[in-house]
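Down below is the structure, laid out as structure tokens.
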Amino acid sequence: MRTDLLHAPVDGLDEALAVVDAFDRAMSDGLMRPRPAQAQALAELAGAVADSPLAALVAEAAEKAAAGTADEHHLLALAAARTALLGAAHDALHGVVAEATGRPTAPWTVPAAGPAGSSNVLTAARAWLADLARAGWLGMDHDLVSASAQVVSAMLPDPRLRRLAVLLDGFAGELAASCPGASLERVPVRRWADLGSRAVLLTTPGACSVPDPQPVSGRLLPLGVDLHEHATAAQAQVHAVFEPADGSVPRLVRASVSVPKPDSVLGAGVWQLLRPRMSLLAAAGEGRAMTVTDMPLTAEGDLLWSDDLARTAAEADPFATARVVLPTAMGAPVAPLERHPVRLAEPVFLEGYTVRQQDDGAQDGARDEARDGMLTFDLAGHPLAVDTDRIPAAGPLTPQAVAASTACIGLLRWDAGAFVLQPLAVETTVKRRTVGLYAGAWAGGTTDKSGAKAEAVATETVTVLRERAGKLLRK
């Protein structure tokens with residue numbers, strides 16, 4: 001991989017993100033009575049899209065918002081401009097990654113407009129979001145936030161609106177936990193602006209339209225497992241290379257499973273909740289391929305997993321896959337509304353690097369390339385920061401193993417102004433033998449002492465919780 005390309009400046013990237021940051025700060029104070037700094041941020045947003053088809057709409061919206069007279073449609077135009085800028089930033093960064101990896105990306109297919117759902121409910125959702133924008137994060141209170149409940153309740157029965165309903169429900173939950181806004185010491189400005197803008201755009205009829213999933217058959221070669229944990233939920237996402245049965249170009253795909261999780265289930269115990277939902281986890285943990293038949297695959301490269309359509313195949317070493325098949329695989333396109341720098345997570349394979357720890361005594365020039373205290377891989381004089389904080393505790397992979405590694409499969413991400421690597425697996429030397437250590441190695445079960453102990457504790461916890469839930473249901 002051409003890691004030197006990851007350090008080259010991207011034209012217009014810093015300027016686009018600066019405009020987004022200024023707009024997000026303006027939204028934090030609300031648009032009820034905009035101050036001069038907010039009016040300036042709105043004008044800069046309009047100027048950033050002045051050469052796009054959004055120009056006239058956003059210019060009018062910025063003018064109305066600066067005067068404190070913006071309505072729901074003006075808010076929609078501002079959200080579209082912000083999303084367009086972040087989408088352009090994503091595309092520019094994705095272009096850098098594509099050039100660095102030499103990996104082509106399949107083109108996006110524009111879907112036919114699907115049914116829109118109830119326009120009255122969408123209008124009500126947009127009205128609540130407009131009220132929230134006028135108040136701002138610092139001006140919100142419980143009465144304003146709780147007004148979303150009725151809208152969410154009306155949306156949930158309609159499958160076409162469920163995506164927006166879940167987003168609004170979770171967004172309102174976060175806001176409610178932070179009310180009143182005036183008491184906040186720190187506001188997650190970028191996150192809430194992301195959620196608010198996404199929600200506003202999803203109130204547009206047809207915004208959720210995507211191409212229908214297509215059935216595919218062939219061999220699935222897992223690369224690694226990315227585990228996401230929350231106090232009340234967990235998700236495992238398997239990154240893999242799919243070899244179609246018809247012999248066409250291999251593709252990069254993902255398969256995910258999500259479950260609710262008690263906050264008392266920690267570490268390797270989380271696999272007990274995830275494992276029964278997807279046989280692919282066990283295969284990935286054991287280093288085996290899978291054969292799938294007529295498995296639905298979305299245009300964005302996500303397999304809609306069903307154990308009934310898959311069976312375990314022969315052993316498949318992820319590092320052999322990374323060395324031989326990954327370089328020839330085609331990346332999946334990203335839907336327009338999903339284009340955001342945080343979305344970048346490109347599977348890559350690295351070897352031949354030297355490992356060093358960036359410390360506080362590093363020279364200023366080195367700090368531009370890697371963060372203080374962060375592990376870095378140096379490839380021919382080009383350092384790449386390694387985000388070991390993303391390594392889950394539910395596996396044998398550790399920061400120490402990454403530091404001692406000679407090869408790595410990981411996800412290339414973009415975070416806080418720089419590319420970083422999230423390790424999924426490494427090769428290292430143990431007693432003169434090269435062994436692989438995987439973040440998802442315990443997904444199918446483990447004999448490791450610490451992992452087995454966590455599994456045993458989780459078994460007891462889950463059993464007790466199921467018994468209690470059963471008693472409550474019987475009552």
Relative contact order, percent, of region 198-265 when contacts are C-alpha pairs under 8 Å separated by at least 6 residues? 27 percent
Segment SER264-SER450, length gained on full extension (0.36 nm per residue, minus Cα span): 65.3 nm
Could you compute the FRET efficiency for ASN120 and ALA314, with r as their C-beta to C-beta distance and R0 at 60 Å, rounded to 0.05? 0.65
Table column - 3J(HN,Hα) (Hz), region 187-195, Karplus curve with 6.51, -1.76, 1.60, x for Gly and Pro: 10, x, 4, 5, 4, 5, 5, 4, 5
Cut-off 20 Å (backbone N to label point 7 Å along Cα→Cβ of ASP51), residues of region 86-111: 86-96
So, R0 is 41 Å and r is the distance between the beta-carbons of GLU286 and ALA147; what FRET efficiency does that work out to, to 0.05? 0.25
By how many nm would the segment from MET32 to ALA404 lengthen if fully extended, with 0.36 nm per residue of separation less the alpha-carbon distance? 128.4 nm
Using the Kirkwood radius over Cα pairs, work out the Stokes-Einstein diffusion coefficient for the chain at 20 °C and 1.002 mPa s, in µm²/s as a whole number. 88 µm²/s
A correct Karplus calculation of ³J(HN,Hα) over region 412-418, with 6.51 cos²θ - 1.76 cosθ + 1.60, θ = phi - 60°, whole Hz and x for Gly and Pro, returns 7, 10, 10, 9, 6, x, 8
Report the relative contact order of the chain, percent, no decimals, based on alpha-carbon pairs under 8 angstrom and at least 6 residues apart. 14 percent
One computes Rg over Rh for region 214-328 from alpha-carbon atoms, with the Kirkwood Rh, and obtains 0.98
For GLU15 and GLU338, calculate 0.36 nm times their separation in residues minus their Cα-Cα distance, and state this gained length in nm to one decimal. 114.2 nm
If you take the charge dipole of the chain about its Cα centre, with +1 on Lys and Arg Cβ and -1 on Asp and Glu Cβ, which of PRO399, GLN40, LEU304 is farthest toward its positive end? LEU304
Run the paramagnetic zone check for GLU460: 7 angstrom along Cα to Cβ, then residues of region 243-270 with backbone nitrogen under 16 Å. 264-270
Out of THR321, ALA268, ALA283, whose Cα points farthest toward the positive end of the dipole of region 214-328 (charges: +1 Lys, Arg; -1 Asp, Glu; placed on Cβ)? ALA268
In nm², what is the average projected area of the convex hull enclosing the Cα atoms of region 129-212? 5.7 nm²
Region 325-345 versus region 160-212: alpha-carbon centroid distance in Å: 23 Å
Students often check this: by mean Cβ neighbours within 10 Å, which of 198-208, 90-100, 216-226, 455-465 ranks highest, and how do the rest follow? 216-226, 198-208, 90-100, 455-465
Which aspartates and glutamates have a Cα less than 20 Å from the Cα of LYS471, not counting those fewer than 8 places away in the same chain? GLU460
Can you tell me what the convex hull of the Cα atoms of region 237-286 projects to on average, as an area in nm²? 4.2 nm²
Checking rank on 164-175, 23-34, with mean other Cβ inside 10 Å and highest first, the result is 23-34, 164-175
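Every read-out reported here was derived from the displayed coordinates using simple, explicitly stated rules and does not represent laboratory data. Please read these numbers as outputs of a predicted model, since none were measured by experiment. Cβ coordinates were reconstructed from backbone atoms using ideal geometry, including for glycine residues, and neighbour counts include every protein chain displayed.
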